[in-house]
Amino acid sequence: MSSNYCFILPGLNNSGPQHWQTYWENDYGFTRIQQADWDSPVADDWIKTIEEKIINYPLNQVVLIGHSLACCTIVKWAQQYNHVIKAALLVGPSDTEAPSYPPGTTGFTPMPLLELPFPAIVVASSNDEYVTMERANFFARNWGSELVEAGALGHINTSSGIANWPQGYAILQKLINP
């Protein structure tokens with residue numbers, strides 16, 4: 001499978017230079033989908049951007065790699081467009097309904113709970129400030145996805161100190177080469 005069909009979707013505020021998504025973009029040639037507004041996003045805009053960026057690719061080969069708010073966005077995109085892609089890796093899915101979720105986003109609630117029409121793996125941390133393990137498990141079940149518990153990695157971001165996160169890349173390989 002070509003890395004040209006793997007798309008990085010950061011969450012709120014984008015993913016900085018030390019984030020595993022940026023490492024994967026640089027190390028493996030994945031393509032970052034750039035959103036127009038990273039700091040006060042509107043769900044419909046983010047969903048439309050995903051569609052515009054991937055629609056001209058062979059969808060049965062497309063893999064979406066979402067972190068944080070992008071997980072909710074990917075599920076909302078699937079709900080709206082119902083495309084069957086190869087797979088999605090949904091890492092640290094922020095619970096937009098939780099009191100801990102930061103203000104400033106529009107249209108990301110309620111959390112979408114439909115079964116995805118493609119394979120997906122949800123990766124969650126036991127001490128993520130934006131989603132409890134119980135809620136991550138609830139989302140994974142509703143999305144028809146496998147749940148991988150990553151241990152105590154916080155929000156599975158730069159602060160987690162995981163650099164290019166080889167364990168996550170191994171999980172991705174399960175989706176790319178089932």
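The values are calculated or read from the model by the stated rules, or taken from the named source; none is laboratory data. Since the model is a prediction, treat every value here as computed from it, not as a measurement. So basically every Cβ, Gly included, is an ideal-geometry build from the backbone, and we count neighbours across all protein chains shown. Protein only, heavy atoms only, side chains kept; ligands, DNA and RNA dropped before computing areas. Shrake-Rupley method; radii C 1.70, N 1.55, O 1.52, S 1.80 Å.
Would you mind computing, in nm to one decimal, how far apart the modelled labels at Asn137 and Asn82 are, each placed 7 Å from Cα along Cα→Cβ?
For the pair Asn137/Asn82, the computed spacing is 3.2 nm.
So for segment 13-75, averaging the separation of alpha carbon pairs under 8 Å that are six or more residues apart and normalising by length, what relative contact order in percent results?
That works out to 24 percent.
Please calculate how many Å² of accessible area the chain carries per residue, with a 1.4 Å probe and no DNA, RNA or ligand atoms counted. All intermediate terms of the calculation are to be shown ahead of the outcome.
Details: 7690 Å² over 178 residues.
Computed with neighbouring chains in place, this is 43 Å² per residue.
What does the charge dipole of segment 95-146 about its Cα centre add up to, to the nearest 20 debye, if the Cβ of each Lys and Arg holds +1 and the Cβ of each Asp and Glu holds -1? Walk me through the intermediate numbers first.
Working: 2 positive and 7 negative charges, 18 e Å.
So the dipole magnitude of segment 95-146 works out to roughly 80 debye.
Does segment 97-162 come out rounded, prolate or oblate by the C-alpha gyration tensor, with a ≥ b ≥ c the root eigenvalues, rounded set by a/c under 1.5 and, if not, prolate when a/b is larger than b/c and oblate if not?
Judged from the Cα gyration tensor, segment 97-162 comes out oblate (a/c at least 1.5, b/c at or above a/b).
How much net charge surrounds Met111 when only other residues with a Cβ under 10 Å from its Cβ are counted (Lys, Arg +1; Asp, Glu -1)?
Details: positive: Lys76, Arg135; negative: Asp95, Glu97.
That works out to 0.
How high is the relative contact order of the chain? Use alpha-carbon pairs under 8 Å, at least six apart in sequence, and give a whole percent.
Here the relative contact order equals 22 percent.
Divide by every residue of the chain the summed helix terms, -39500 (n - 2.57) for each DSSP H run of at least 4, and state the resulting mean residue ellipticity at 222 nm, rounded to the nearest 500 deg cm²/dmol.
Calculated mean residue ellipticity at 222 nm is -9500 deg cm²/dmol.
When the accessible area of the chain is split by element with a 1.4 Å probe, what percent falls to carbon and sulfur?
Summing carbon and sulfur atoms, their accessible area is 47 percent of the total for the chain.
Which value, in debye to the nearest 20, gives the size of the charge dipole of the chain about its Cα centre, when Lys and Arg are +1 and Asp and Glu are -1 at the Cβ? Don't skip to the answer; put the middle values down first.
Working: 8 positive and 16 negative charges, 84 e Å.
For this selection, approximately 400 debye.
First measure r as the distance between the Cβ atoms of Leu114 and Asn60, then evaluate 1/(1 + (r/R0)^6) with R0 = 22 Å and state the FRET efficiency to the nearest 0.05.
FRET efficiency, Leu114 to Asn60: 0.65.
All other residues with a Cβ under 12 Å from the Cβ of Glu149 taken together, and with Lys, Arg as +1 and Asp, Glu as -1, what is their net charge?
-3
Specify the residue with the greatest mean-square fluctuation among Asn82, Asn137, Asn164, computed from a Gaussian network of the chain linking alpha-carbon atoms under 10 Å apart.
Asn82
Relative to the present Cα-Cα distance, how much length would full extension add between Tyr28 and Glu51 at 0.36 nm per residue of separation?
Answer, rounded to one decimal: 6.0 nm.
What is the gain in length, in nm to one decimal, between Asp44 and Ser100 on full extension, counting 0.36 nm per residue of separation less the C-alpha to C-alpha distance? Before the final figure, lay out the partial values.
Details: separation 56, 0.36 × 56 = 20.16 nm, distance 2.25 nm.
Here the segment from Asp44 to Ser100 would lengthen by 17.9 nm.
Hey, rough spin-label estimate for Ala36 and Gln18, points 7 angstrom out along Cα→Cβ, what's it come to in nanometres?
3.3 nm
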